[in-house]
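> Encoded as structure tokens, here's the structure I'll be asking about.
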Amino acid sequence: MLIELDIDTFISQKSEFDLLIDARSPKEFYESHIADAQNFYALSDAEHQEVGTLYKQVSRNDAKILGARYICQNVASHLERIAKEYKIGSKIGIYCARGGLRSSSIAIILSHIGYQVYRLQGGYKQYRMHVLTFLENLPHHHFIVLGGNTGCGKSELLQSLHPSIDLENLANHLGSSFGSIKGAQPSQKAFENSLCEILHTIDPNATIFIEAESKRMGKCTIPALLHVRILEGYRVEITAPLAQRVERILKDYQMITPAFFYQSMQMIAPYIKKTVKDDVLRAYEEGDLAQVAKILLVEYYDLVYKKPRHSDITLDNADEMATLEALRSLHVKRSAV
């Protein structure tokens, strides 16, 4: 059985698929893909480039024949794994770049074997249009926005609050000059896809906890309308004792390498006094990371922190459980507005 689905129907049924196949090349897949998809490619990266070049420069028919040969070889390889992990009759969703030859070729084979196959019309391009349209017309209006200086525990609070969106986690970036410590960030497309998937699970009328962030988080950019909604949200300024802030910084940055540290210090050097930079470097070379964190918090992060135009309330996070209780109580009140 092979059924073509439009994007809205595909999205609504996606959770019912036993397997979601991305039939694009590995390079396309790793740049971004639909959540929970697995990459059973019709053409490898090299094959995709070779067939595309042949199509544009030599002959469309020759390209189709070559592509068909490669697809047959690749599907033969994929079938062994698919058959082992998914019994005949399972529901399989599938898409390629534009809903063309790559997904249809695999879909036809799987459907003839006996799988229930649902192919996305318009492919990944249609999915991306869905994501962008959703984010440009964001139906969620109600946000409780956690602001405050670095190290006040905003991310930890978000992990215990529901519904919430952890933008730093989605962008894999701590939103600071040292923020890329977590490693490679997702592409902008992947960041938007993840954000859209999470928002789809949250009632548009719900009040959502979120952290105040700059529009850019490393190389990821918060969608324009969401950023506006964050600026318009109910602002909660979180504070915390300096000693606790230092402890959190040490936990977040415990795996920092010397190369990363010196590179980051070079980036912020124009914005701090030379004496401060010297003190930080001296403390680092002496292995006193707590002193490094303390100096940077007081002499850099706190000074460059852009305080909001307004703050609705301030909560001291010296006791995390008390702060969570206060925020949950606030959520009940704001949800009733």
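FYI, it's all coordinate maths here, none of it is from the lab. Because the structure is a prediction, the values reported are computed rather than measured. Neighbour counts are summed over all protein chains in view; Cβ atoms, including those assigned to glycine, are modelled from backbone coordinates with ideal geometry.
> Got a sec to turn the phi values of the stretch 33-46 into Karplus ³J(HN,Hα) couplings, 6.51 cos²θ - 1.76 cosθ + 1.60 with θ = phi - 60°, whole Hz, x for Gly and Pro?
7, 6, 3, 6, 6, 10, 8, 9, 6, 7, 10, 5, 4, 5
> For a quick check: sort Y41, Y234 by the number of other beta carbons within 10 angstrom, fewest at the front.
In increasing order of surrounding Cβ atoms, one gets Y234, Y41.
> Between D62 and M267, 0.36 nm times their residue separation minus their Cα-Cα distance comes to what?
68.6 nm
> Here's something else I'd like to know. Enumerate the amide H contacts of A212 below 5 Å, restricted to partners 5 or more residues apart or on another chain; note that Pro and chain-start residues carry no placed amide H.
L146, G147
> Rank these for me by crowding, K273, K219, going from fewest to most other beta carbons within 10 Å.
Ascending Cβ contact count within 10 Å gives the list K273, K219.
> Going highest first, how would you order 241-249, 116-124 by mean Cβ packing within 10 Å?
Per-residue Cβ counts within 10 Å, averaged per peptide and sorted highest first, yield 116-124, 241-249.
> Return the lysines within reach of K333: Cα separation strictly under 24 angstrom, same-chain partners fewer than 8 residues apart disregarded; answer none if there are no such residues.
Partners within reach: K154.
> Now, a different point. Just want the answer: with Cβ charges of +1 for Lys and Arg and -1 for Asp and Glu, which residue in L225, L303, Y262 is farthest toward the dipole's positive end in the stretch 138-335?
L225
> May I ask you to sort H130, H173 by Cβ crowding, counting other Cβ atoms within 10 Å and putting the fewest first?
H130, H173
> While we're looking at this one, here's another question. Can you list residues whose amide H is under 5 Å from M217's amide H, if they're 5+ apart or on another chain and H is modeled 1.01 Å from N?
The answer is I222.
> Between H310 and K215, what FRET efficiency follows from the Cβ-Cβ distance if R0 is 22 Å, with the result rounded to 0.05?
The value I calculate is 0.75.
> Right, here's the next one. Which shape class applies to the stretch 138-335: rounded if a/c is under 1.5, otherwise prolate when a/b exceeds b/c and oblate if not, where a ≥ b ≥ c are the square roots of the Cα gyration tensor eigenvalues?
prolate
> Follow-up question, since we're still on this one. Setting aside same-chain residues fewer than 8 positions from K84, which lysines have a Cα under 23 Å from its Cα?
Of all the lysines, those that pass the test against K84 - Cα under 23 Å, at least 8 places apart if same chain - are K14.
> Quick one: grab the alpha carbon gyration tensor of the stretch 147-193, order the square roots of its eigenvalues as a ≥ b ≥ c, and give me rounded if a/c is under 1.5, else prolate or oblate depending on whether a/b is larger than b/c.
Oblate, since a/c reaches 1.5 and b/c is not below a/b.
> In whole Hz and in residue order, list the ³J(HN,Hα) couplings for the stretch 99-116 that follow from phi through the Karplus curve 6.51 cos²θ - 1.76 cosθ + 1.60, θ = phi - 60°; x for Gly and Pro.
Ordered by residue, 3J(HN,Hα) equals x, x, 4, 5, 6, 5, 4, 5, 4, 4, 4, 5, 5, 5, 5, x, 7, 8 Hz.
> Right, another one. Just want the answer: with Cβ charges of +1 for Lys and Arg and -1 for Asp and Glu, which residue in H48, I313, C196 is farthest toward the dipole's positive end in the chain?
Farthest towards the positive pole: H48.
> Let me ask something else about it. Among the listed pairs K215/K277; K182/K306; K251/K294, which have their C-alpha atoms separated by more than 19 angstrom in this model?
Going by Cα-Cα distance, K215/K277; K182/K306 fall outside the 19 Å limit.
> Hey, another quick one. Based on DSSP H runs of at least 4 residues, each adding -39500 (n - 2.57), what is the mean residue ellipticity at 222 nm of the chain after dividing by all its residues, to the nearest 500 deg cm²/dmol?
-15500 deg cm²/dmol
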